[in-house]
Amino acid sequence: MKAKTIATAAASFLATVTPVLAATGLRVDNSGLVVWAFLGLCALIVLAQLMPAIFLLFGMVRGIVQGEKKEVEVSAE
């Protein structure tokens with residue numbers, strides 16, 4: 001009898017606590033078109049700054065991998 005009372009009390013406690021753990025899923029976001037356009041512009045600026053840096057990095061890696069090129073003089077006699 002005592003175990004049944006404890007199980008009932010635990011079940012009722014868990015039933016009242018469970019909705020507290022649930023997320024509503026609602027998000028308050030009043031961002032309009034201007035905010036999204038500004039964020040897109042910022043993304044374009046970052047992308048425009050990253051592209052030359054990536055090209056420079058690839059050029060440095062290619063230079064390291066290829067090694068040092070030596071110039072050879074050819075003389076015609």
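Looking only at residues of segment 7-17 that are of a type in the set (Val, Ile, Thr) and surrounded by fewer than 10 Cβ atoms within 10 Å (Cβ to Cβ), we find that the one that is modelled with the highest pLDDT is 16. The listed residues are 61, 74, and the only one of them that is β-branched (Val, Ile, Thr) and either touching a residue at least 12 places away in the same chain (Cβ under 8 Å) or surrounded by 10 or more Cβ atoms within 10 Å (Cβ to Cβ) (or both) turns out to be 61. Residues that are at pLDDT 75 or above, among the hydrophobic types (A, V, I, L, M, F, W, C), part of a helix (DSSP H, G or I) and under 23 Å from the mean Cα position of the chain (by Cα) occur in segment 18-33; there is at least one. Please tell me if residue 51 is open to solvent by 100 Å² or more (accessible area, probe 1.4 Å) and part of a helix (DSSP H, G or I). The answer is no for residue 51.
The values are calculated or read from the model by the stated rules, or taken from the named source; none is laboratory data. Bear in mind the structure is a predicted one, so any value in this text is a computation, not a measurement. Neighbour counts run over all protein chains shown; Cβ positions are idealised from the backbone, glycine included. Calculation scope for accessible area: heavy atoms of the full protein, side chains included, ligands and nucleic acids excluded. Shrake-Rupley method; radii C 1.70, N 1.55, O 1.52, S 1.80 Å.
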